[in-house]
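All of the numbers you see were taken from the coordinates with simple rules; none came from a lab. Small disclaimer: the values here were computed from a predicted structure and weren't measured. Cβ sites come from the backbone with ideal geometry, for glycine too, and all protein chains shown count toward neighbours.
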Amino acid sequence: MIDVVIIGAGGAGIAAARRLLAAGLNIQILEARARVGGRAATDTATLGVPADLGAAWLHFADENPWTPLAREQGLTVIEREPDWRADHQSEFERNWGLIEAAAAAGLDVPVSSLLPDDAYRPRFDGILTWFAGVESHQASCLDIARYAESRHDWAVAEGLGSVLAGAAAGLPVQLGTPVTAIDWRGPGVRVTTAAGTLRARAALVTLPTSVLAAGGLRFTHALPTPLQQAFADLPLGSCNKVFFRVDPALLPPETHHAVGNPHSARTTSLALRPAGQPLVMAYFGGELSLELEASGQLEAFAREEVALAFGHDLAAGLQGSLVTGWNQDPWALGSYSAARPGAANARLQLAEPPAPWLHFAGEASSVTHYSTLVGAWRSGTSAATQLIETLRTSP
Ligand SMILES: Cc1cc2nc3c(=O)[nH]c(=O)nc-3n(C[C@H](O)[C@H](O)[C@H](O)COP(=O)(O)OP(=O)(O)OC[C@H]3O[C@@H](n4cnc5c(N)ncnc54)[C@H](O)[C@@H]3O)c2cc1C
């Protein structure tokens, strides 16, 4: 009999699996995609050099559990801080202070209602779309204020997705196996896939909240209403990337960031030589990302932004491209979770198991490190630790 079936082989699923195996439990991971890593994936085939389609930064790098795992695998952690904080620091701090003050006063209102409509506002709103994947009127001030401060942000030359792939090596993962239903009347669970039904003493579900809210997994016995509400209150925002291969002679020696149009919120965060690679990357967030993904215009917009920020010589040197489509990806349905205004506490709800044999984990259930691989890791290991305890004490 399987002790724990883990649904999803992203950061949370991989972290949980490693913890459960170390405790000597019998586990099985079921993954819908043909690869592990979920929202962390490195593509090397398309442009001939590593490009992280999703997670790229080891945020909180000095306390990030994926940092030592990268080193153990012999991968190159680039301990160089990004230069994106350089300008407008005082205006940024002022707006962030307003968000923190409102949260400290017990408010959980839209970020947009707290900020002055001054010349800096479009810039701040743009940054928020990259940070949260949503517009300032869709973001909860309490949720934003609870995010821990990342003092170190490092990249991995071979790609952060490669670190997850390496960490999953040897784990019992069945790829290409979407789970369609879970019977959790208990004790134990019955998990349905196209390949049949699997029985286990417990299940750990690590699916993105937008997939759960869309009913991507059927629970044969209704989940508690507050838990279903938490899926809906923590939707994934939208972020996308466009990469271009470029002659390295056109690039600075080290990674450099710039904003496409500093006077508009509908703009991109541009990176020259991301993770040290001969690439130009444009990062989209919020409505702009959502709209351009839907209309197939991400690449055209990225080319315009590169021309705007760096001139026509570099724009003319953009070669083969690689474009993500996270919203249309059925196993993600977005980028990372953002709590709706008034619903910051939904993250706590998500971490509350509806039965001793059914747990949920994933970045969305982290109150302080949501939207990152640190949150995914911590939520996965925390659920695994609870399951180890439960299974040890129950027959
Ligand atoms: C564009 C972008 C940029 C990002 N940048 C960063 C960054 O720089 N640093 C950082 O730390 N984080 C970043 N993130 C966020 C980070 O990728 C996520 O927080 C993290 O990967 C989430 O891990 P998870 O395990 O919670 O979810 P996921 O990685 O989504 O894992 C869930 C897994 O479940 C699988 N699945 C879905 N449905 C089913 C089903 N029915 N049956 C079986 N399996 C299923 C999915 O395929 C997936 O593998 C970024 C994300 C995006 C999209």
Query raised in the report: In degrees, nearest 10, range 0 to 90: what is the angle between the Cα axis of helix 11-22 and the longest Cα principal axis of the chain?
Result: 40
Report summary line: FRET efficiency (Glu389, Thr225; Cβ distance; R0 35 Å; to 0.05) is 0.85
**Report entry** segment 1-68 - percent relative contact order, Cα under 8 Å, separation 6 or more
**Finding:** 26
Report summary line: Taking every DSSP bridge whose two residues both lie in the chain, the antiparallel percent to the nearest 5 is 70
Query raised in the report: If you take the beta carbon distance between Arg185 and Leu21 as r and set R0 to 25 Å, what does 1/(1 + (r/R0)^6) give as a FRET efficiency, to the nearest 0.05?
Result: 0.35
Query raised in the report: Working out 0.36 nm times the residue gap between Glu254 and Ala195, then minus their Cα-Cα distance, what length gain in nm do you get to one decimal?
Result: 16.4 nm
Query raised in the report: Scanning the chain for trypsin sites (Lys or Arg not before Pro) in DSSP loops with at most 14 other Cβ atoms within 10 Å, what's the longest stretch left with none?
Result: 186-395
Query raised in the report: Each label point is 7 Å from the Cα along the Cα-to-Cβ direction; what then is the distance between the points at Glu81 and Arg151, in nm?
Result: 1.0
Query raised in the report: Contour minus end-to-end for Arg218 and Leu175, with contour as 0.36 nm per residue of separation and end-to-end as the Cα-Cα distance?
Result: 13.5 nm
Query - Sorted by Cβ neighbour density within 10 Å, fewest at the top, the residues Thr220, Thr324 - result: Thr220, Thr324
Query - Crossing angle, helix 373-393 versus the chain [Cα axis fit, 0-90 degrees, rounded to tens] - result: 10
Report task. Give me the number: length gained by fully extending Asn261 to Ala101, i.e. 0.36 nm times residue separation minus the C-alpha to C-alpha distance, one decimal in nm. Result -> 54.7 nm
Report task. Taking DSSP loops as anything outside H, G, I, E and B, show the longest stretch in the chain free of GluC sites (Glu not before Pro) there with at most 13 other beta carbons within 10 Å. Result -> 255-395
Query raised in the report: By count of other Cβ within 10 Å, fewest leading, how are Asp87, Asp108 ordered?
Result: Asp87, Asp108
Query raised in the report: Helix 298-310 versus the longest principal axis of the chain: what angle, 0 to 90°, nearest 10, using Cα atoms?
Result: 40
Report task. Sort Val173, Val109 so the one with the fewest other Cβ atoms within 10 Å of its own Cβ comes first. Result -> Val109, Val173
Query - CD proxy at 222 nm, helix term only [per DSSP H run n ≥ 4: -39500 (n - 2.57); per residue of the chain; nearest 500] - result: -9500 deg cm²/dmol
Requested in this report: Mind jotting down the distance between the C-alpha centroids of segment 1-71 and segment 229-256, whole Å?
Outcome: 19
